[in-house]
Structure formats: C-alpha cells, structure tokens
C-alpha cells in the first residue's frame with residue numbers, strides 16, 4: 001500500500017531526478033518484503049516447534065493406577081477361599097509401567113507382563129489420582145523372597161497383600177486364618193498358625209481400596 005500511494009502521487013508531481021541515495025534506499029525498501037519471506041518462514045517454524053515441545057512436555061499422560069485381584073481353584077475344581085466368606089480373591093497385584101508388580105510364592109517380589117499363570121483375574125480396580133509404585137520403591141523390594149508366614153513387620157520379605165498395603169498405606173487388621181485352607185497350609189510348612197498377627201488378605205485390600213475411592217474398571 002505504501003508503494004502504491006507513492007506511485008500514484010508521483011504522477012501529479014513534477015518529474016525530477018531523484019538523488020542517488022534516495023533511489024537506492026527505495027530500491028532496498030521495495031525489495032525487502034521478498035527478502036523477509038525466508039525469515040518469516042523460519043520464525044513460523046520456530047513458533048510451531050516451541051508449542052509442539054511445550055504441549056508434549058508440560059501436559060502429562062493421564063495417571064491411572066490399577067490393582068488386579070485373582071481367583072484360583074483347588075485340585076477338586078473348587079474356588080480356593082482364604083476367608084470362609086468374602087470375595088474369594090486369592091492373589092493381588094498392582095500395575096507398574098505397563099506390567100504387574102506383586103509378591104508370589106513362585107518368584108517372590110517380581111514384575112510380570114501377564115498374570116495368567118498365577119490365577120484368573122476376577123476384578124480390576126483403578127484410581128486416576130493415586131500413583132503407581134515409584135521406581136525407588138520397586139528397586140528396594142524387587143527380588144525379595146515371599147513370606148509364607150505373613151509377618152507384617154518383616155522388612156526383608158513380602159506377601160501379595162502386604163506389598164499393596166505398604167504402597168497404598170493401608171492399615172492392617174488382626175488375622176484369623178479361619179478358612180479350611182489354612183490348617184493344611186501351615187502343617188505343610190511346619191509353622192504354627194500365627195496368633196495375634198496383623199496383616200491383610202486380598203479381600204480386605206479390595207474393600208479398603210473401594211473406601212479410598214477406587215472404582216471397578
């Protein structure tokens with residue numbers, strides 16, 4: 001527009017010869033829009049890259065922690081119950097980086113891609129505000145042995161419910177071991193049935209997590 005107005009107005013002015021310096025300046029100014037085009041394209045690319053990096057780094061992925069509850073059947077095909085009444089859960093695991101962190105008699109504290117060989121997943125709870133176990137916590141306990149005696153205050157071994165309880169800070173309760181499974185269990189291990197020992201079962205972990213705001217998936 002600036003050049004158009006100048007050219008139009010110049011037709012009404014007397015034809016005079018421009019000084020060399022002014023003519024040179026006008027030529028440079030006239031050619032400046034085309035010379036700025038590469039700079040504008042570079043600037044637009046930098047702006048695009050800035051926002052692309054900003055959105056990918058400042059907007060985190062949705063945080064979801066999941067807990068899987070498993071059932072198992074005995075040799076007769078009956079559901080193995082750790083409690084005479086309850087949900088009938090036998091094992092429990094927590095999600096960790098696309099896999100499952102849990103403690104099992106076969107392998108102790110471990111990370112598994114699938115839980116299929118440990119039982120049947122009967123329920124999954126999830127929470128969108130709580131976090132999965134930290135890498136520091138996992139490094140500390142991974143590889144520790146399974147605790148068949150269910151000792152709550154034993155720091156060098158874990159059972160499945162205790163692992164979940166330590167991560168989510170669930171309070172233990174006195175354990176009774178009233179199910180028919182427990183008599184044979186402790187006889188095979190040559191251990192006395194724990195008396196006045198506190199702990200949690202997978203059924204109790206399920207109920208406590210529901211109270212904490214977990215929902216079925």
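Just a few scattered comments:
- Neighbour-count order for 185, 96, 206, fewest beta carbons within 10 angstrom listed first: 185, 96, 206
- The label point for residue 134 and the one for residue 85, both projected 7 Å from the Cα toward the Cβ, are 4.0 nm apart.
- Two-site FRET efficiency, residue 123 against residue 193, from Cβ-Cβ distance with R₀ of 25 Å, rounded to 0.05: 0.35
- Cα pair distances exceeding 29 angstrom across segment 65-216, given as percent: 11
- From least to most packed, judged by other beta carbons within 10 angstrom and beginning with the fewest, 201, 134 follow the order 134, 201.
- Least to most buried among 212, 66 (fewest other Cβ within 10 Å first): 212, 66
- Relative contact order (percent, whole number), segment 65-216, Cα cutoff 8 Å, 6+ residue spacing: 26
Read-outs: derived from the displayed coordinates by stated rules, not from any lab. Model, not experiment: these values are computed from the prediction. So basically every Cβ, Gly included, is an ideal-geometry build from the backbone, and we count neighbours across all protein chains shown.
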